[in-house]
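See structure below.
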């Protein structure tokens, strides 16, 4: 049974890679410098980096902190509460935020007032991704041997040092995983910023989709090129970050006592 | 007097784990807390370390109350069942971390003392379980504690490594004139390592005394015979028969080979502890009757 | 204080649901399409997720590392970027604008999460315990041991895949060539057409579907485990 499902899974999982290969084929003769000359793409890149990094960082910080609180203080109510946003698809979440922030009561058009800062887009992502990070880190904290923390305490280390030696090394890998998953997800999506974002500068995903679908796919190659370059950039970033931490992570994996 | 534990009470999930425990640990002694699992001995240790809170009662060191102090300010270190070396650090870095001024020289000196010279830069997974436990011990010492807590540190070791580590810990604690509190379920281990022993049962103290005293007063403590005061280079054991009864003669020999003591034991099979054959001058040894063998 | 802050942060977006009267929910093509995708993808994700994770836990094949990478990598590729590529692939084989094409690409975007969830759960249960079950014949192995052990994970996989599927607008619109309406695509149209009550209705449906499915599966799984236990008595 399991071998058959692996076969099917492999075929399905190969599809996105095949897709990327086709993108590369389509854009083989694309003039790459035109992207950089287009002010819309340049502005989009800047605002995408800003929205992605801010949402991701805040989500990671809050999610990890909450997971830590739940494990250390055994706050069961909190894990139940944090499940709630997981039932809400991104689109639905974005629309709820739109309703709250665009009209009068209760926030009196914060969307328009703060459009340059993409405040509501970031808020929506944080609201949706905190539970995701929380779940990832809750598992990590669950597997974390509490003995390390006790040991750090009795070794007369300060609270910061306790965190540094007995928690941080074990958080590295899941934080890295979560970081890249969120970056890949947030940086090139249409749904949330299309509802909540502003018309200029648009996030990369929105701009790419709009350029792709307007005008009978005449500008398709441009969007394909952006999708490909962006994927490559993220892959290189992820690859480098895993490479840099590889030795440290291997050491931890081999020496850890569950 | 140094560590004084008074009337410690701890209730966990509507069950008394500790029920008014009193305990006094003198300076420079190794004190063993012996009890079966569930007797509350580890909980008491964790309360002394500050890793758990007590419902009522006090813990003081030289009269200074400890219970309000966070664990990292108590100057009490701990060695537990698992070595728990921080996996992202090298062997030596684990020890350096605990030294007062983060000194590599000091850490290297500590590694020498636990007989792991030159292993500073090794990764911890390159060490055996026994070696890791020795590093963990060096680390606990490097923090310059006033009290070191030993929470069943020998449990996961093979017999040979166990005796080696027991001797190492005992020697170093005595040499450095430290105070240690050992928690164990193994009476034999308590006899070997500790100067005084407290028996704990169902969260209450049953008895306290030297191993010899406990042997006299507590029949439950075990069938031990103490061979003490040996200031001679060797101890020899001889089993003979007198009038059809086996008799174990234990001879403590001086350099002229004179017989200095003789112990007549009841019928049964005896093992001499430790199983380690390197008897040392001035050590105390015990004979233990093997249960179930006639 | 921080407790109040967290509670209000999590709960306040739900206030939006009360900002108007949603139009009544009808069982039309839009809802049928959506339910079809949600249910079929839930089933496929549970099946392929558990099967692949099982294989990854037990295999000694030299392909293991490769499969692990294949499971891992899609999480780091922006879904929309690979979807642009898959659009070209599917256009070549004539699957654009078909139910099957949309189903396939929705599966691509959910399966990596499902395998990962299943793998983590099995890893925590541990290979030794899973190996113990191998002594049982396949049917009781699944119904008596694996199902109760993995029921919670299956429910989580269903929740994840459902929420991801319901969140896809571009995917359904592009691969479906605008021919396959779902609640999600309708939400964007009603938003663009300023139809607040329809958009609100869509939002209600998008939230209620995962909730109902989650609660329903919880009850179903509990009942199944109870029946199984009674048979053991």
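Restricting to helices (runs of 4 or more DSSP H) lying wholly in segment A:1-111: which have 3 or more residues that are closer than 30 Å to residue A:197 by Cα, touching a residue at least 40 places away in the same chain (Cβ under 8 Å) and within 11 Å of another protein chain (Cβ to nearest Cβ)?
Because the criterion is at least 3 residues that are closer than 30 Å to residue A:197 by Cα, touching a residue at least 40 places away in the same chain (Cβ under 8 Å) and within 11 Å of another protein chain (Cβ to nearest Cβ), the helices (runs of 4 or more DSSP H) in segment A:1-111 that meet it are A:2-26, A:39-73, A:90-102.
Count, please, the residues in segment A:242-258 that happen to be touching a helix residue (DSSP H, G or I) at 6+ places or on another chain (Cβ under 9 Å) and facing chain B (nearest Cβ under 10 Å).
Result for segment A:242-258: 10.
Evaluate segment C:104-112: report whether one residue or more is in a helix (DSSP H, G or I) and away from every other protein chain (no Cβ under 11 Å).
Within segment C:104-112, none of the residues are in a helix (DSSP H, G or I) and away from every other protein chain (no Cβ under 11 Å).
So which residues in segment A:45-76 are closer than 26 Å to residue A:150 by Cβ and over 15 Å from the mean Cα position of the chain (by Cα), if there are any at all?
Selection gives A:65, A:66, A:67, A:68, A:69, A:70, A:71, A:72, A:73, A:74, A:75, A:76.
Can you tell me how many residues within segment A:128-158 are crowded, with 18+ Cβ neighbours inside 10 Å, over 26 Å from the mean Cα position of the chain (by Cα) and outside any helix (DSSP H, G or I)?
3
All but one of (1) within 23 Å of the chain's Cα centre (by Cα); (2) part of a helix (DSSP H, G or I); (3) more than 14 Å from chain A (Cβ to nearest Cβ) hold for residue B:105; state the number of the condition that does not hold.
Only one criterion in (1) within 23 Å of the chain's Cα centre (by Cα); (2) part of a helix (DSSP H, G or I); (3) more than 14 Å from chain A (Cβ to nearest Cβ) is unmet by residue B:105, namely (1).
Is there a residue in segment B:194-204 that is assigned by TED's automatic domain parsing to the domain that holds residue B:28, surrounded by fewer than 16 Cβ atoms within 10 Å (Cβ to Cβ) and either modelled with pLDDT of 80 or more or at positive phi (or both)?
For segment B:194-204, residues assigned by TED's automatic domain parsing to the domain that holds residue B:28, surrounded by fewer than 16 Cβ atoms within 10 Å (Cβ to Cβ) and either modelled with pLDDT of 80 or more or at positive phi (or both): present.
Restricting the search to segment B:54-83, which residues are out of contact with any helix residue (DSSP H, G or I) (no Cβ under 8 Å at 6 or more places or on another chain), in a strand (DSSP E or B) and either touching a residue at least 24 places away in the same chain (Cβ under 8 Å) or within 9 Å of chain A (Cβ to nearest Cβ) (or both)?
Scanning segment B:54-83 gives B:56, B:57, B:58, B:60, B:61.
Could you run through segment B:110-123 and say how many residues are farther than 22 Å from residue A:252 by Cα and within 23 Å of the chain's Cα centre (by Cα)?
Of the residues in that region, 5 qualify.
Quick check on this structure: which one of A:210, A:161 is free of Cβ contacts under 8 Å to residues at least 24 places away in the same chain, surrounded by 14 or more Cβ atoms within 10 Å (Cβ to Cβ), more than 9 Å from chain B (Cβ to nearest Cβ) and part of a helix (DSSP H, G or I)?
A:210
Return yes when residue C:153 is at pLDDT 90 or above, surrounded by 14 or more Cβ atoms within 10 Å (Cβ to Cβ), within 13 Å of chain A (Cβ to nearest Cβ) and over 30 Å from residue A:102 (Cβ atoms) and no when it is not.
yes
If you go through segment B:164-198, how many residues are more than 17 Å from residue B:134 (Cα to Cα) and in a helix (DSSP H, G or I)?
6
Confirm whether residue B:18 is more than 20 Å from the chain's Cα centre (by Cα) and in a strand (DSSP E or B).
Judged against the criteria, residue B:18 is a match.
Which residue out of C:162, C:203 is in contact with a helix residue (DSSP H, G or I) (Cβ under 7 Å, 6 or more places away or on another chain), at the interface with chain A (Cβ under 8 Å from one of its Cβ atoms) and buried (at least 23 other Cβ atoms within 10 Å of the Cβ)?
Of C:162, C:203, the one residue that is in contact with a helix residue (DSSP H, G or I) (Cβ under 7 Å, 6 or more places away or on another chain), at the interface with chain A (Cβ under 8 Å from one of its Cβ atoms) and buried (at least 23 other Cβ atoms within 10 Å of the Cβ) is C:203.
Could you please let me know if residue A:249 is over 23 Å from residue A:95 (Cβ atoms), part of a helix (DSSP H, G or I) and in contact (Cβ under 8 Å) with a residue 60 or more places away in the chain?
yes
If you go through segment B:128-140 one residue at a time, how many are in contact (Cβ under 8 Å) with a residue 40 or more places away in the chain and either within 11 Å of another protein chain (Cβ to nearest Cβ) or assigned to a loop (DSSP other than H, G, I, E, B) (or both)?
Within segment B:128-140, residues that are in contact (Cβ under 8 Å) with a residue 40 or more places away in the chain and either within 11 Å of another protein chain (Cβ to nearest Cβ) or assigned to a loop (DSSP other than H, G, I, E, B) (or both) number 5.
If only one of C:81, C:91, C:53 is at the interface with chain A (Cβ under 9 Å from one of its Cβ atoms), in a helix (DSSP H, G or I), without any contact (Cβ under 8 Å) to a residue 12 or more places away in the chain and more than 15 Å from the chain's Cα centre (by Cα), which one is it?
C:81
Just to be sure before I move on: is residue A:189 within 10 Å of chain C (Cβ to nearest Cβ) and in a loop (DSSP other than H, G, I, E, B) in the structure I sent?
Criteria met by residue A:189.
I want to confirm something. Restricting to segment B:84-95 and keeping residues that are more than 7 Å from chain A (Cβ to nearest Cβ) and in contact (Cβ under 8 Å) with a residue 40 or more places away in the chain, which single residue is surrounded by the most Cβ atoms within 10 Å (Cβ to Cβ)?
Only one residue fits best here, namely B:95.
Checking residue B:121 against (1) more than 11 Å from chain A (Cβ to nearest Cβ); (2) touching a strand residue (DSSP E or B) at 6+ places or on another chain (Cβ under 6 Å); (3) closer than 18 Å to residue B:84 by Cβ: exactly one of these is not met. Which one?
Evaluating residue B:121 over (1) more than 11 Å from chain A (Cβ to nearest Cβ); (2) touching a strand residue (DSSP E or B) at 6+ places or on another chain (Cβ under 6 Å); (3) closer than 18 Å to residue B:84 by Cβ leaves (3) as the failure.
When you scan segment C:1-46, how many residues do you find that are modelled with pLDDT of 95 or more and within 12 Å of another protein chain (Cβ to nearest Cβ)?
6
The values are calculated or read from the model by the stated rules, or taken from the named source; none is laboratory data. Quantities reported herein were computed from a predicted structural model and do not represent experimental measurements. No Cβ is skipped: glycine too gets one built from the backbone with ideal geometry, and neighbour counts run over all protein chains shown.
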